[in-house]
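**Student:** Attaching a single structure in C-alpha cells format; questions to follow.
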Amino acid sequence: MPPIYLDYNATTPVDPSVAETMQPYIAMHYGNPSSMHVYGRAAKAAVEEARVRVADLLGCAPAEIIFTSGGSESNNTVLKGVVYTHRHKGDHLITSAVEHPAIIAPCRVLEQQGIRVTYLPVDRTGMVDPDDVRQAITPHTILISIMHANNEVGTIQPIAEISRIARQHGVLMHTDAAQSVGKIPTLVDELGVDFLSVAGHKVYAPKGIGALYMRSGLALEPLIHGAGHEFGRRAGTENVIFDVGLGKACEIAKADLSRYQREVRQLRDVLWQELYKRLGDRLVLNGHPEQRLPNTLHVNFRGVIGAELLEKLPELAASTGSACHAGEVALSSVLKAMQVLPELGMGAVRFSLGRYTTPEEIERAVELIERVY
Ligand SMILES: Cc1ncc(COP(=O)(O)O)c(C=O)c1O
C-alpha cells in the first residue's frame, strides 16, 4: 500500500486529465506562439484557450490573466511592480504576519530599498481584523496584500471587507490565493481585489506554472522585461505545455468546486471527529473553527514534537508546524503570530486532504495515529 497522502497544501498530484491535455503540446504542437505559421498559430490558440479557462474560474476577462511561473512569481510581480510603478505616490505597504514567505521575503527586500511595510497581527484563529487594516492605512499606502487562505492553518481572511476598505482609501488590493483557488470560491469581483495570485501545483497542474489576475486598466512595471509576451506584462516565450495544463486544471476545479467543498470537508471533519473521539483533549485544533479551508486540519498533539510523531508514521505523508534545530523546537511564524504556546505548537501537524482522499484512507490514518501517539 502506498503511504497515505495528506499533504495537498504542500502540493497536489497532476490530475490525469491535465497530463493528457498537455501531452500533444510536448511533441506535436511545439510551435512558438509568436510565429505566424500554422505551428505557431496552434500553440497561440492553445495558450489563449487556457487563458479563458483560468479566467472562467476567477470570473474575470481573459485579458486580465497573465501566466507566470507560479505563486511566488505572481506575488513578487505585484509587490515589486506596484512599488516600481507607484512609488511617487507613496512608500507604504500593508500585509499580515501570517503570509507565505513568497510575500514576506519580497517585502523584506523592499524594506531594504526604503519601503515601509506594516505586518498586521492576527487573532488566535489566524484572522486579520479589517479594523486594523483601516487603522494602518496612511496617505502613503500604495498596496494592501493579504492572503486569501493560510497555507498552514487554513484560516480564510475577510478579503471582501478588506478590499472595500482599500477601495474607500484609493489603495490597491492584492490577495495571494495560492491555497484557496479550487478549494473555495475565488471570484475576483466578489473578493473585490485588483490582483490575485494563483499557484498551479496546488490545483492539480504541474509545479512551475501559475497565473496573476490583474484588473483591467491597471498598469504595472513587469518583473521580467523582454519581448511583448503576456500583453507586455511578463516577457518570455510562453510555457505552452504548462499553460495548457493550468487551463485544464482550472476548468476541472470550476466543475468540481461544489463537490470538493462538500465531500472533502466531510472527510476532513470525520478525520477530526474520529481523532477527537479517541484522543480527546490531548488534541488542540488550530485555525478558525468555521472560516477555514475545507481540506485543512491543523492540530497540536500535546506532549510530543510534531516531526517526531510523523517520523513514527511512515505510512502517512503530512506536514509539521514546527521545526527542530539542534534539539530546539521553533514554531512556524504563523503559529507564533497566532500566539500558540510553544509547548502546544511543538506538537503541530497539518493534515491537508484533496481530490483523491478516500474514506478508507481517513479511517486508516486515524488508526495509525492512535497506535503511535
Ligand atoms: C500561500 C502560498 N503562497 C505562495 C506559494 C508559492 O507558490 P509557488 O510554489 O507556485 O511559487 C505557496 C506555495 O507553497 C503558498 O502556499
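**Student:** Hey, can you tell me all the residues within the range 34-52 that are out of contact with any Pro (no Cβ under 9 Å at 6 or more places or on another chain) and surrounded by 20 or more Cβ atoms within 10 Å (Cβ to Cβ)?
**Tutor:** Ala50
**Student:** Separate question: Hey, does the range 77-86 have a residue that's in contact (Cβ under 8 Å) with a residue 24 or more places away in the chain, more than 12 Å from the ligand (Cβ to nearest atom), in contact with a strand residue (DSSP E or B) (Cβ under 7 Å, 6 or more places away or on another chain) and of a type in the set (Ser, Thr, Tyr)?
**Tutor:** no
**Student:** Looking at the structure I just gave you, is Val18 crowded, with 19+ Cβ neighbours inside 10 Å and in a helix (DSSP H, G or I)?
**Tutor:** On the way: crowded, with 19+ Cβ neighbours inside 10 Å: yes; in a helix (DSSP H, G or I): yes.
Against the criterion (crowded, with 19+ Cβ neighbours inside 10 Å and in a helix (DSSP H, G or I)), Val18 qualifies.
**Student:** A further question on this structure: Residue check, His201 against (1) open to solvent by 10 Å² or more (accessible area, probe 1.4 Å); (2) assigned to a loop (DSSP other than H, G, I, E, B), all met but one. Which one?
**Tutor:** Among (1) open to solvent by 10 Å² or more (accessible area, probe 1.4 Å); (2) assigned to a loop (DSSP other than H, G, I, E, B), His201 violates only (2).
**Student:** Something else about it: Give the residue that is farthest from the ligand (Cβ to nearest atom), with candidates limited to residues of the range 176-194 that are hydrophobic (A, V, I, L, M, F, W, C) and closer than 14 Å to Met147 by Cα. Lay out the reasoning, then the answer.
**Tutor:** To start, the set of residues in the range 176-194 that are hydrophobic (A, V, I, L, M, F, W, C) comprises 177-178, 181, 184, 187-188, 191, 193.
Narrowing the set further to residues that are closer than 14 Å to Met147 by Cα leaves 177-178, 181, 184, 188, 191, 193.
Details: Ala177: 8, Ala178: 3, Val181: 10, Ile184: 13, Val188: 17, Leu191: 15, Val193: 15 Å.
Applying the filter and picking the extreme gives Val188.
**Student:** Related question: Restricting attention to the range 205-234, which residues are of a type in the set (Asp, Glu) and part of a helix (DSSP H, G or I)? Before you say what the answer is, go through the steps one by one.
**Tutor:** Taking the range 205-234 and keeping what is of a type in the set (Asp, Glu), we get 221, 230.
Residue satisfying the conditions is Glu230 alone.
**Student:** Continuing with this model, one more query. Looking at the structure I just gave you, is Val133 in contact with a helix residue (DSSP H, G or I) (Cβ under 6 Å, 6 or more places away or on another chain) and either in contact (Cβ under 8 Å) with a residue 60 or more places away in the chain or part of a strand (DSSP E or B) (or both)? I'd like the intermediate steps shown before the answer.
**Tutor:** Values: in contact with a helix residue (DSSP H, G or I) (Cβ under 6 Å, 6 or more places away or on another chain): yes; either in contact (Cβ under 8 Å) with a residue 60 or more places away in the chain or part of a strand (DSSP E or B) (or both): no.
No: the conditions fail for Val133.
**Student:** Can you tell me which of Gly90, Gly126, Gly154, Gly170 is open to solvent by less than 30 Å² (accessible area, probe 1.4 Å) and more than 16 Å from the ligand (Cβ to nearest atom)?
**Tutor:** Gly90
The values are calculated or read from the model by the stated rules, or taken from the named source; none is laboratory data. Bear in mind the structure is a predicted one, so any value in this text is a computation, not a measurement. Positions of Cβ are backbone-derived with ideal geometry, glycine not excepted, and every protein chain shown enters the neighbour counts. In case anyone asks, the SASA skips ligands and DNA or RNA and just uses the protein heavy atoms, side chains included. Shrake-Rupley method; radii C 1.70, N 1.55, O 1.52, S 1.80 Å.
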